[in-house]
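The values are calculated or read from the model by the stated rules, or taken from the named source; none is laboratory data. Predicted model, so just to flag it, every value in this text is computed and none were measured. With ideal geometry, Cβ positions are generated from the backbone for all residues, glycine too; neighbour counts draw on all protein chains shown.
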Amino acid sequence: MTCIMSAFYKGKIIQETETVYIAQSTKIPKPVQLLYAKRKSTDRDCHQQSFLIGLLISIGYSITIKKPHKKSKTTSQMFVILEIRKEITTILSNDSFDESFVDIKKRRRERDVLTNNILIEQIQSHQGLVEFKKNNKIELNKFRRIKTLKYNNINYNQSDIYLIGKSINNFILQIMGSNDCYLQPNDLRITKYFKLNQK
């Protein structure tokens, strides 16, 4: 059996016999494509969450994140936020969530959606301008994905949110010890990504 490369066919051509050739497709199977798409979507949501966490830290919030039971190996980490505070005001606490769902996956997704909404609302309360992806504006039970965000005259597009969020996601995982992670207001290791204090 001989492997031949063709100038007219993108892929391998296998010579089974002297007169029989079989073209091997390099196309990725659909189930694998769907898996990759799902992982990519999860990464986007994780990075958006981390971006919003970082931006709130940069404008004076403190956030406590629950230590993950296990770290994700195939995607970035979606964090469980236990508390969001602005000075002495508690914006979100562990009591804010409905834990009555029997379905653990659904309960976690509902928590992610609620947390995402609160993070966005806090940015908006500080004159942050948020544009959402098409058909993703008013579905309160759905994870709202940001197309662009403008804060302090700085514009962030989807690529900015993805890259900054990825860096912050990795940073949080690096400093996560054996207990929950407390992110203090104006942590310079986070604020450096936003340049809010530069003139």
For the subset of the range 60-70 comprising residues that are closer than 25 Å to L188 by Cβ and part of a loop (DSSP other than H, G, I, E, B), which member is modelled with the lowest pLDDT? P68
If I91 meets every condition in (1) within 19 Å of N169 (Cβ to Cβ); (2) touching a Lys or Arg at 6+ places or on another chain (Cβ under 9 Å); (3) not small (G, A, S) apart from one, which number is that one? (1)
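Hey, can you tell me all the residues within the range 89-116 that are modelled with pLDDT of 75 or more and in a loop (DSSP other than H, G, I, E, B)?
Let us first name the residues in the range 89-116 that are modelled with pLDDT of 75 or more, namely 89-94, 105-116.
Passing the criteria: only S93.
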Right, I57: at pLDDT 95 or above, surrounded by 18 or more Cβ atoms within 10 Å (Cβ to Cβ), β-branched (V, I, T) and more than 24 Å from F132 (Cβ to Cβ) or not? no
Per-region count, the range 23-54, residues at pLDDT below 60 and among the aliphatic types (A, V, I, L, M): 1
Scanning the range 117-140 residue by residue, those in a loop (DSSP other than H, G, I, E, B), at pLDDT 75 or above and at negative phi turn out to be S125, H126, G128, K133, K134
Taking first residues from the range 144-173 that are within 26 Å of K67 (Cα to Cα) and second residues anywhere that are charged (D, E, K, R) and outside any strand (DSSP E or B), the pairs with Cβ under 7 Å that are 6 or more apart or on different chains are R145/R44; R145/K133; Y162/R44; F171/R189; L173/K71
Restricting the range 60-99 to residues that are within 19 Å of Y162 (Cα to Cα) and small (G, A, S), the one surrounded by the most Cβ atoms within 10 Å (Cβ to Cβ) turns out to be S76
